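Written below as structure tokens is the structure these notes are about.
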2 protein chains.
Amino acid sequence: MYATTRRAALGLVLGLWAAASSSALAAPVSADPLPSWSVGPAKSAIIGYLSRVTAPGPDFVPPSERIAVFDNDGTLWAEQPIYFQFAFAMERAGEMVARDPSLRQKPAFAAIADKDHAAIARLDEKDLMEVALATEAGLTTTEYEALARAWLDQARHPRFGVPYTALVYQPQLELLAYLRGAGFKTYIVSGGDVRFMRAFADQAYGVPPEQVIGTSLKTRFELRDGKSVLVHEPALESLDDGPGKPSNIDLHIGRAPLVAVGNSDGDLQMLQYSASSARPSLQILVHHDDAAREYAYDRASKVGKLDKALDEAKARNWIVVSMKADWKVVFSPHP
Amino acid sequence: MYATTRRAALGLVLGLWAAASSSALAAPVSADPLPSWSVGPAKSAIIGYLSRVTAPGPDFVPPSERIAVFDNDGTLWAEQPIYFQFAFAMERAGEMVARDPSLRQKPAFAAIADKDHAAIARLDEKDLMEVALATEAGLTTTEYEALARAWLDQARHPRFGVPYTALVYQPQLELLAYLRGAGFKTYIVSGGDVRFMRAFADQAYGVPPEQVIGTSLKTRFELRDGKSVLVHEPALESLDDGPGKPSNIDLHIGRAPLVAVGNSDGDLQMLQYSASSARPSLQILVHHDDAAREYAYDRASKVGKLDKALDEAKARNWIVVSMKADWKVVFSPHP
């Protein structure tokens, strides 16, 4: 008995010693989980929230309920002058018209093929969405994702001259990592096409395909030479914007998220949904007020309009992140 | 230098010793990961597959791609004499007619309210699905799940006299656990209503809500006294059966599953989809051939018809599990 106990005690001591020495060999833990965020109310509120829900006490949240949802365009990467997905769709549309001139009968396709900038500027989000869907229909999901990847590799942003994936926000990468470190499952819930986002989300954000929720076309199952494929139909399955976001969150996740991050009126209902949880929750809006480093737009913007959600954020004390004041850097240095 | 190296070597040795002793303190690993499965080709094939894809070598599969999908009715729990969800819907329908006699204008509702067994027996799956949807429409997702939970707590199976959740298959619980232990993410992909399944899937199978995919109604986002709810619309969002299963797997998961388990023709496309993966994959069909302990049915069954999928399984050497021969016990002893 005595020998066994002594051996167990020795094992415990040696085990602790080994554990301590192996953690000393690992990379040092940064004292600041959000180094690109300036000291201020936004950063304090985020750190305070995560400390409360992960520590024993009345605000503790069981790990299984730690769900965070992020909009993509304008929240995780830039969205000006047009949603990047539409830049891809316009390039595809131009190629499609070159192969099939009858497509010129659709005014949006003709404007794009002619590079008629005035006519293109008049296209609204609905027109561009229709172009995007038309360029996707008929392709298998695998073909579409490969085209999106190839485009992301070669396309350059008109103002910054870098690949679009170099325009992800460094402070948000830190926030994603901080949430995951606190046991949160991080999802993208975006109006963007789900398969367009999956083409880069894992590499860019560390968000795997099963945690990407977006707008989608219906797909048709087909066997081609005995191998199954899914072909995009020319019909919308789900528009993941505005009130569609809570519906899709419930369909895909089945729980209300406790952390919701957006930047436009299209995110309002997702933030409201998260704020309705009986658990402590956190709502964050990114306010684009930095024309020098990125863009400045809100209530009157054609892309990423932020109006009602800004009023509600102020009324309900949600966190409004000033890109100018709260972010020391904007873009990730690792494209 | 010498001292540092010696200390590092000592740390390594002590660390290994501590690791070995702490694993010796843990619960012993069972030599048999599938104790309720009889020795035979099905069990051997499953164990062989999981050994190959988790060990270094040409068949190794990266953990992120380890996705397993299971049908629910007839695959994870029983489905006779009618899908359990329909038993719930019929009870709800009876209550609805009692409150609102005008519903008797719908023949299915009248038959159910009158307990007209001959007329009920003539209802086909489409009729019963319509009844199920009608009993769900107008309820919030939270209300519906609470009703489903309450029903599951009090309802009893007509033949076995036990709660429906006592009719989950013990060998499948072991298979789910074995897959998870091998790093697989386990999903349910079923024709059943997604919110009905979520009412019990986590407790019964250890499958969290975000890993349950099913048939669903559209939902409408609403603010009620400032609190957001999702209300079921009387319209189908997605029928998760047959070719709808691969479409939903792609929409929700974004990768082809490597392990697919079903029991009826409604699972055929899901198994084909999984078999089309470039990675080593595993397809399993449960064959209900055990009238004594459960039920015996296949090609001519109204519920859970297994005909084309059985032929394809035989032609392609998929695993066909004989409930009678391959399962030592059928139902879980822990209701």
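The values are calculated or read from the model by the stated rules, or taken from the named source; none is laboratory data. No experiment lies behind these values; they were computed from the predicted model shown. Ideal geometry is used to build each Cβ from the backbone, glycine not excepted, and the neighbour counts take in all protein chains shown.
Summary of computed values
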item	result
Filtered residue count, the range B:85-102, keeping only those that are free of Cβ contacts under 8 Å to residues at least 24 places away in the same chain and part of a helix (DSSP H, G or I)	7
Condition check for B:ARG279: more than 20 Å from B:ILE46 (Cα to Cα) and either over 21 Å from the mean Cα position of the chain (by Cα) or in a helix (DSSP H, G or I) (or both)	no
Those helices (runs of 4 or more DSSP H) lying entirely in the range A:134-248 with at least 1 residues in contact (Cβ under 8 Å) with a residue 60 or more places away in the chain, in contact with a strand residue (DSSP E or B) (Cβ under 7 Å, 6 or more places away or on another chain) and away from chain B (no Cβ under 12 Å)	A:170-181, A:201-205
Those residues of the range A:260-276 which are surrounded by fewer than 24 Cβ atoms within 10 Å (Cβ to Cβ) and not in a helix (DSSP H, G or I), in sequence order	A:SER276
Residues within the range A:284-335 that are of a type in the set (Lys, Arg) and either farther than 22 Å from A:ASP241 by Cα or touching a strand residue (DSSP E or B) at 6+ places or on another chain (Cβ under 6 Å) (or both), tallied	3
Among the candidates A:ALA78, A:ALA18, A:ALA55, residue that is modelled with pLDDT under 95, over 13 Å from A:LEU282 (Cα atoms) and of a type outside the set (Lys, Arg)	A:ALA18
Selection count, the range A:81-106, where residues are of a type outside the set (D, E, K, R) and closer than 21 Å to A:VAL303 by Cα	11
Residue match in the range A:158-177 (condition: within 24 Å of A:GLU233 (Cα to Cα) and under 21 Å from the mean Cα position of the chain (by Cα))	no
Count - residues of the range B:312-335 that are out of contact with any Asp or Glu (no Cβ under 8 Å at 6 or more places or on another chain) and polar (S, T, N, Q)	2
Residues of the range B:32-63 that turn out to be touching a helix residue (DSSP H, G or I) at 6+ places or on another chain (Cβ under 8 Å) and either within 14 Å of chain A (Cβ to nearest Cβ) or surrounded by 15 or more Cβ atoms within 10 Å (Cβ to Cβ) (or both), as a count	9
Filter result for A:ASP267 (within 12 Å of chain B (Cβ to nearest Cβ), of a type in the set (Asp, Glu) and more than 13 Å from A:ALA68 (Cα to Cα))	no
Filter result for the condition that a residue is part of a loop (DSSP other than H, G, I, E, B) and either surrounded by fewer than 19 Cβ atoms within 10 Å (Cβ to Cβ) or away from chain B (no Cβ under 14 Å) (or both), over A:LYS302, A:LYS324	A:LYS302
Index of the failed condition, B:ILE82 passing every other in (1) of a type in the set (Val, Ile, Thr); (2) without any contact (Cβ under 8 Å) to a residue 24 or more places away in the chain; (3) assigned to a loop (DSSP other than H, G, I, E, B)	(2)
Members of the range A:136-165 that are surrounded by 19 or more Cβ atoms within 10 Å (Cβ to Cβ) and in contact with a Ser or Thr (Cβ under 8 Å, 6 or more places away or on another chain)	A:THR141
Those residues of the range B:109-143 which are under 29 Å from A:GLY254 (Cβ atoms) and of a type in the set (Gly, Ala, Ser), in sequence order	B:ALA132, B:ALA134, B:ALA137, B:GLY138
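Per-residue answers, yes or no, for (1) hydrophobic (A, V, I, L, M, F, W, C); (2) surrounded by fewer than 17 Cβ atoms within 10 Å (Cβ to Cβ):
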| position | (1), (2) |
| --- | --- |
| A:ALA78 | yes, no |
| A:GLN85 | no, no |
| A:MET90 | yes, no |
| A:ALA93 | yes, no |
| A:SER102 | no, yes |
| A:PHE109 | yes, no |
| A:LYS115 | no, yes |
| A:ASP124 | no, yes |
| A:VAL131 | yes, no |
